[in-house]
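Written below as structure tokens is the structure these notes are about.
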Amino acid sequence: MKKHIFLSLLTFSSVALSGCYLDLGFIKFGTKPEEQEEQKKEEGGKEKEQSSDILAYDEEKQAARIKEYYTSIDESQSGDALLNALRTLNLANRTKTVGYKQMGTSASGMYKYTDYDPTTVKYTSTGVPYGTKIVSFYSGKITTSFNREHTWPDSRGGNKVEDDILMTRPTITEENSDRGNSPYITGMVDGHNGWDPVAAFENSIGVYKSIRGECARIIFYCMTAATGLSLSDNTSTVSNTMGKLTNLIEWACENPVNDREKRRNVGAEHLQGNRNAFVDHPEYACKIWGNTNAATRAACSKANYPTK
């Protein structure tokens, strides 16, 4: 009988004194204060580690989603056949566009899902990531107030795609006002004859890593998002035309897809239902435009991307 009472006392004490420490001489309950502090430090470290982990792009989950998204694409296709297949896919999946005005010019707008600073990430009740601060497109500077950049300039046909959040990007004023409606051309900083974000900002406000590649892949995406647009090395043609195509292929091949682009695809699919195919499959650009000339073939070959 005494044994049962003693065991009951032990059971009760271990529960009632959880988080406390009691030393009765012949028996001790709980954890010493200094040991409790050590446990808290260890647990705090684990929480911090988990918080950092959730900021990472879930490669395994997205790999499965990418495979599922592109099941209708015939990987043997190239050129116009592949471009048209990607247009059909984009049209089928883009159930709506955000709308140019609805994108907003503050961190509370729709860019919070696509261009957020990952150190400020939060999650909706359904698990969709968003942020409380925005990463400016060209410089990578963190901001909460910005302009909207037509990556494909409005006067060159960008108005056909301006409601699509995969084309427009948030930029601080200094970035937005420098380019104007220029096409992308390596080494150029002139606001009329061509523009290169690296040449323009590398030695001043700075540029985001792989920015040239991002620019190119957005321009390629626009070709799947609207009809009546074209890419060319002849950048003197303004109406519905962008380039310089050779440089864009070179930029895409030399600057691999970065984590920011991957996060944008997740956010865009949440908002519109569609993705930028040239982020998920960067090799598609070479399969469509890689045979344009010797320079594009060389760039694709160096990146180990097929041209057919």
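Kindly check whether there is at least one residue in the range 137-149 that is part of a helix (DSSP H, G or I) and either of a type outside the set (S, T, N, Q) or more than 17 Å from G104 (Cα to Cα) (or both).
Scanning the range 137-149, I find no residue that is part of a helix (DSSP H, G or I) and either of a type outside the set (S, T, N, Q) or more than 17 Å from G104 (Cα to Cα) (or both), so the answer is no.
Check A200 against each of (1) assigned to a loop (DSSP other than H, G, I, E, B); (2) modelled with pLDDT under 95 and name the one condition it does not meet.
(1)
Looking at T120, T144, T173, T151 in this structure, which one is among the polar types (S, T, N, Q) and surrounded by 20 or more Cβ atoms within 10 Å (Cβ to Cβ)?
T151
Just give me the residues in the range 66-93 being closer than 22 Å to D259 by Cα and crowded, with 16+ Cβ neighbours inside 10 Å, in sequence order.
Hits for the range 66-93 are I66, Y69, Y70, N90.
I need every pair where a residue in the range 247-269 that is assigned to a loop (DSSP other than H, G, I, E, B) has its Cβ under 7 Å from the Cβ of a residue that is of a type in the set (S, T, N, Q) and surrounded by 19 or more Cβ atoms within 10 Å (Cβ to Cβ), sequence separation at least 6 or different chains.
Close Cβ pairs satisfying both conditions: N255/S210; P256/S210; N258/S210.
Out of all the residues in the range 187-213, which are crowded, with 22+ Cβ neighbours inside 10 Å and more than 18 Å from H150 (Cβ to Cβ)?
If the condition is that a residue be crowded, with 22+ Cβ neighbours inside 10 Å and more than 18 Å from H150 (Cβ to Cβ), then G213 is the only one that fits.
Taking the condition of being modelled with pLDDT of 95 or more, buried (at least 19 other Cβ atoms within 10 Å of the Cβ) and not aromatic (F, W, Y), how many residues in the range 123-138 meet it?
Residues in the range 123-138 being modelled with pLDDT of 95 or more, buried (at least 19 other Cβ atoms within 10 Å of the Cβ) and not aromatic (F, W, Y): 4 in total.
Check off (1) more than 27 Å from P129 (Cα to Cα); (2) in contact (Cβ under 8 Å) with a residue 24 or more places away in the chain; (3) assigned to a helix (DSSP H, G or I); (4) of a type outside the set (F, W, Y) for I219 and give me the number that stays unchecked.
Among (1) more than 27 Å from P129 (Cα to Cα); (2) in contact (Cβ under 8 Å) with a residue 24 or more places away in the chain; (3) assigned to a helix (DSSP H, G or I); (4) of a type outside the set (F, W, Y), the lone unmet condition for I219 is (1).
Test A216 against the criterion of being out of contact with any strand residue (DSSP E or B) (no Cβ under 6 Å at 6 or more places or on another chain), aliphatic (A, V, I, L, M), under 22 Å from N159 (Cβ atoms) and crowded, with 24+ Cβ neighbours inside 10 Å, and give yes or no.
So A216 passes the test.
The values are calculated or read from the model by the stated rules, or taken from the named source; none is laboratory data. Keep in mind that this is a model prediction, so the values were computed, not measured. Ideal geometry is used to build each Cβ from the backbone, glycine not excepted, and the neighbour counts take in all protein chains shown.
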